[in-house]
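Contents: one structure, followed by commentary.
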Amino acid sequence: MAQLIGGLATSHIPAIGGAIHKGKQNEPYWKPFFDGFPPIHDWLGKVKPDVVVVFYNDHGLNFFLDKMPTFAVGAAATYSNADEGWGIPTLPPIPGCPELSWHIINQLIAKEFDIVTCQEMLVDHACTLPLKLFWPEHEVAPVQIVPIDINTVQFPLPTAKRVYKLGKAVGEAIQSWDSDKRVAVMATGGLSHQLEGERAGFINKKFDLQFLDSMETNPEWATQFSDLELVEKAGTQGVELLMWLAMRAALTAGGSGVRKVHSNYHIPISNTATGVLALETV
Ligand code: DHB
Ligand code: FE
C-alpha cells in the first residue's frame, strides 16, 4: 500500500513569486519568511515524496463566480498554470497522478462526498508557489500532484467540520491506494489576512499561533468554529486556513500521530500573516 509520509503547509501570497523571480530571498523584508524553509528542504531531501496531494483554493483562474464547486478533485495527466495578472512568471505544466486521482475520487464518492472531477484544471498561484517554495532548486517540483480545490472564495463555504471529514477521507484513500509510492499532503493559504473592505490588512497573531499549535496538539480544534467565526477571527481570506485543516485531518487516517519537522510564523508579507509547517507521520 502507498505510504502517507507527512504534511506540508504554507501561505501562497503572489508577491512571493516576484521575490523568487528577482532573487530577493536574502533581503531584510523577505529573509524572515524564506528562512522558514531550509529545515523543511532537508527533510524533503530525506523522505522524497513521489506524489503530493495539494489542498488549495482556486482564486478565479479555473473556477469563476458563475460556477463554483465546493470541492473539486483534479484527474489530469498534467496541470497548466496561466497568467492571473499578478505580474509573476508562470510555471511550466506540472505532472499529475491520474491513478491516485481516480482512487481518491472513487473513495470520496463512495463515502458520499459529492465532488466535481476535473480532467482539465488550470492551477493558480495557490498551487504553483508552494511547489516553488518547497522545491526551490527545481523549475517544476520533482513530484506528481493531485490538486484538490476547496472553495473559500464565494459563500456559502464548506464548514470546518466538513473540510476535516474530507481531509480524513482523502488520507484514508491514500493509505488504501495499491501502490508503493510515497505520498505527502500539502495545504496552501492563510494564515490570517483580509485583502478588502473596512478590515483590509487585518491580522490576528493570537489566533494564528493557537491554530498553528492545534495542528500539532489538537487537530480538531478549529472545527468548533463556523465559517463566519473563522472570517471574524482570521479575515475574509484567512479562512484559507481550512486547507491546513484538511491536510492535518488527512494525517489522522489510520490512527497516525505526527511529529513536527519545522514551523515558522512571520508578519507580514504583503497583507498576510505567513505560516509554514511540516509534519511527519509517526
Ligand atoms: C495575498 C494573499 C493571498 O492569499 C492571495 O491569494 C493573494 C494575495 C496578499 O496578501 O497579497
Ligand atoms: Fe489566497
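The values are calculated or read from the model by the stated rules, or taken from the named source; none is laboratory data. Remember, it's a predicted structure, so these values are computed and weren't measured experimentally. When we count neighbours, we look across all protein chains shown, and the Cβ atoms used for this are built from the backbone with ideal geometry, even at glycine. These area figures cover heavy atoms from the full protein model, side chains too; ligands, DNA and RNA do not enter into them. Shrake-Rupley method; radii C 1.70, N 1.55, O 1.52, S 1.80 Å.
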At q = 0.16 1/Å the base-10 log of I(q)/I(0) from the Debye formula over the alpha-carbon atoms of the chain is -1.30
Given the candidates 61, 174, 158, the one whose Cα lies deepest towards the positive end of the charge dipole of the chain, counting +1 at each Lys or Arg C-beta and -1 at each Asp or Glu C-beta, is 174
One computes Rg over Rh for segment 1-83 from alpha-carbon atoms, with the Kirkwood Rh, and obtains 1.01
Residue-normalised value, i.e. accessible area per residue, for the chain at 1.4 Å probe, in Å², stands at 41 Å²
Taking 197-204, 142-149, 117-124, 70-77 and ranking on average Cβ neighbours within 10 Å, highest first, one gets 142-149, 70-77, 117-124, 197-204
Taking every DSSP bridge whose two residues both lie in the chain, the antiparallel percent to the nearest 5 is 50 percent
For residue 24, the aspartates and glutamates lying under 13 Å Cα to Cα, once residues fewer than eight places off in the same chain are dropped, come out as 35
Placing +1 on each Lys and Arg Cβ and -1 on each Asp and Glu Cβ in the chain, then taking the dipole about the Cα centre, the residue among 2, 277, 138 whose Cα reaches farthest towards the positive end is 277
One can check that the equivalent ellipsoid of segment 135-282, built from the alpha-carbon gyration tensor with semi-axes equal to the square roots of five times its eigenvalues, has lengths in Å, largest first, of 26, 18, 15
With a 23 Å threshold on alpha-carbon distance, the violating pairs from 67/233; 46/132; 111/168; 46/181; 111/260; 48/161 are 67/233; 111/260; 48/161
Cα-based Rg/(2.2 N^0.38 Å) for segment 21-126, rounded to two decimals, is 1.30
Only helices counted: for the chain, with every DSSP H run of 4 or more residues adding -39500 (n - 2.57) and the sum spread over all residues, [θ] at 222 nm is -9500 deg cm²/dmol
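Using the Cα centre of segment 169-281 as the reference point, and only Cβ charges (+1 on K/R, -1 on D/E), how large is the resulting charge dipole? Debye, rounded to the nearest 20.
On the way: 9 positive and 14 negative charges, 70 e Å.
Value, rounded to 20: 340 debye.
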